Amino acid sequence: MASGQQWVLVEMVQALYEAPAYHLILEGILILWIVRLLFSKTYKLQERSDLTEKEKEDLIEEWQPEPLVPPVSKDHPSLNYDIVSGPPSHNIVVNGKQCINFASFNFLGLLDNERVKQKALASLRKYGVGTCGPRGFYGTFDVHLELEDRLAKFMRTEEAIIYSYGFATIASAIPAYSKRGDIVFVDEAACFSIQKGLQASRSFIKYFKHNDMEDLERLLKEQEVEDQKNPRKARVTRRFIVVEGLYINTADVCPLPDLVKLKYKYKVRIFLEESMSFGVLGGRGRGVTEHFGVNIDDIDLISANMENAVASIGGFCCGRSFVIDHQRLSGQGYCFSASLPPMLAAAAIEALNIMEEDPDIFSVLREKCEQVHKALQGTPGIKVVGESYVPALHLQLESSSGSRETDVKRLRQIVDYCLERQIALTLARYLDKEERFLPPPSIRVVVTIEQTTEDINRAASCIREAALVILK
């Protein structure tokens, strides 16, 4: 054993003599570097001189922390809001002044309806104020299941699911289905809740020009070519078209029949956001599918909030059962938010009862919309934006000053002028730095069935007078 160890040692010495000089130098440097690392300190104390107390105080006084948020002007509209006291129904009290309401999305006048209020009160006495838990943790009440059943029957779909927050409905539904690597084709005018849903999905987003079916088909053809280059990837990539039925930012309607044709031609799925069109369009208020006579089964998912025509809170999605059931496991707003307060679910059920019992209210609303649209035509310096049959129009400046801030101030002056004369209007508000395609500044004029011909003529006259005074 000892002779064997001696022989190995001899071989090592012999190899050392035979090795090239550069090899020995390199090994020597590596050995020295390892020794240095083993015995050197891992850090070096910075040399500094001790400061006096006065020097420390001076440095502390001079130091300015980085702001957590960018500076905001005190004149920003979001910091100077109008205060409402009482229900925002036909007559609304704003800043202590009673006005005619042309600002709230109470399209069918159900917010202050006596039947709806009585149902909500009865539910409040039975269930209490809130739920204190999401649907999966003792937050599912019998009234929730009843509302989901009623919504599914009203929309003539297999199943519906309700959310406790309208904004979170489509923002939760999109990422429940569309994931990283999937492709979503979206209208440029899509509302902010859709944009947030797309952001959460982390999918590949392709925007097409507003209501431009040629531009959408161009994008679909380009994608088809890309899919042919990589068929293996194409087989596992899902494709969606996401649109609004009635666009809140442009007050016009999507060309749904053309979208359905493109769906079947290019094998994509359609998600339809109907918060503004549910309870508004169609002979019985079922939305844009009924408005165009499109089979609702041609739409893969419909979502809407219950905060406009239904005058409650929350939102819902409806469609085939296997599609809706997936949200019960993957819809973030459904799984993690406290469920809808039972009294608001009861109010929504009664609102649906009224909509089913009296479908004439949708014809009345349409007539009011056309009346308002006609009355506002010819307002000096103002352009009326939106279809004649939609209940939320936009008033934009015909000629921009070139500064968005200046345009907003001028429109705000018109709103204030009307408010002083007991006509309540509102500016359309946007998160300027967050919007993917920022709409131009506008005043939003909302139509409800409670507004009389006298109210409409008075409001139109007041807006015309304000435009003459402020935009001269």
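Report which label in [x] 1.00; [y] 1.02; [z] 1.21 holds the value of Rg/Rh (Cα atoms, Kirkwood Rh) derived from the coordinates of this structure. Read-out taken from this structure: [z]. With a Förster radius of 22 Å applied to the C-beta separation of Lys233 and Phe322, the computed FRET efficiency comes to 0.30.
Checking every one of the GluC sites (Glu not before Pro) in the stretch 88-169 against DSSP loop status and a limit of 16 other Cβ atoms within 10 Å picks out Glu158.
Relative contact order, percent, of the stretch 384-441 when contacts are C-alpha pairs under 8 Å separated by at least 6 residues? Dividing the mean separation by the residue count of the stretch 384-441 yields 26 percent. If you take all other residues with their beta carbon under 13 Å from the beta carbon of Lys196, and give Lys and Arg +1 and Asp and Glu -1, the sum is -1.
Determine the sum of side-chain charges near Pro70: Lys and Arg each +1, Asp and Glu each -1, restricted to other residues whose C-beta is under 12 angstrom from that of Pro70. Write out the running numbers ahead of the final one.
Details: positive: Lys433; negative: Glu66, Asp432.
Surrounding charge for Pro70 is -1.
Can you give the FRET efficiency to the nearest 0.05 for Ala200 and Leu24, using r as the Cβ-Cβ distance and R₀ = 60 Å? Show your work: numbers first, answer last.
Working: r = 61 Å, r/R0 = 1.02.
Taking R0 as 60 Å, the efficiency between Ala200 and Leu24 is 0.45.
A DSSP coil position with no more than 16 other Cβ atoms inside 10 Å describes the following trypsin sites (Lys or Arg not before Pro) in the stretch 21-120: Lys41, Lys44, Arg48, Lys74.
Relative contact order of the chain: 19 percent, from C-alpha pairs under 8 Å at least 6 residues apart in sequence. Using a ≥ b ≥ c from the Cα gyration tensor of the stretch 250-395 (square roots of the eigenvalues), is it rounded, prolate or oblate, where a/c under 1.5 gives rounded and otherwise the larger of a/b and b/c decides, a/b for prolate? Verdict is oblate for the stretch 250-395. Accessible surface computed residue by residue for the stretch 325-472, with neighbouring protein chains in place and a 1.4 Å probe, gives 46 Å² per residue. About its Cα centre, the stretch 33-165 has a charge dipole of approximately 680 debye under the convention of +1 per Lys or Arg Cβ and -1 per Asp or Glu Cβ, with nothing else charged. Counting only protein heavy atoms and using a 1.4 Å probe, the accessible area of Leu468 comes to about 100 Å². Seen through its C-alpha gyration tensor, with square-root eigenvalues sorted a ≥ b ≥ c, the stretch 281-325 comes out oblate because a/c lies at 1.5 or above while a/b is not bigger than b/c. Computed extension length for Gln118-Glu454: 117.9 nm, one decimal, from 0.36 nm per residue of separation with the Cα-Cα distance subtracted.
Between helix 166-177 and the chain there is an angle of about 50 degrees, using the helix long axis and the longest principal axis of the Cα atoms.
Quick check: the distance between the Cα centres of the stretch 255-281 and the stretch 144-193, to the nearest angstrom? Comparing the Cα centres of the stretch 255-281 and the stretch 144-193, I get a distance of 13 Å. From its DSSP helices (H runs of at least four residues, each -39,500 (n - 2.57)), the chain gives a residue-normalised ellipticity at 222 nm of -14500 deg cm²/dmol.
Would you work out the relative contact order for the stretch 29-139, in percent, from Cα pairs under 8 angstrom that are 6 or more residues apart?
After rounding, I find 11 percent.
Counting only DSSP beta bridges with both residues in the stretch 269-399, tell me the antiparallel percent, nearest 5. Don't jump to the answer; show the numbers that get you there.
Numbers: 8 of 11 bridges.
Antiparallel bridges make up about 75 percent of those DSSP assigns within the stretch 269-399.
When the surface is traced with a 1.4 Å probe over the full set of protein chains, Trp33 keeps roughly 140 Å² accessible. Nonpolar atom fraction for the stretch 233-365, defined as the carbon and sulfur part of the 1.4 Å probe accessible area, stands at 52 percent.
Subtracting the Cα-Cα distance of Ser401 and Asn91 from their residue separation scaled by 0.36 nm leaves 108.2 nm.
Note on exposure: His326, His373 ranked by accessible area (1.4 Å probe, complete protein assembly) read His326, His373, with the most exposed listed first.
The values are calculated or read from the model by the stated rules, or taken from the named source; none is laboratory data. The shown structure was predicted, so the numbers you read here are calculated from the model rather than taken from an experiment. Cβ sites come from the backbone with ideal geometry, for glycine too, and all protein chains shown count toward neighbours. The area values use the complete protein model at the heavy-atom level, side chains included, leaving out ligands, DNA and RNA. Shrake-Rupley method; radii C 1.70, N 1.55, O 1.52, S 1.80 Å.
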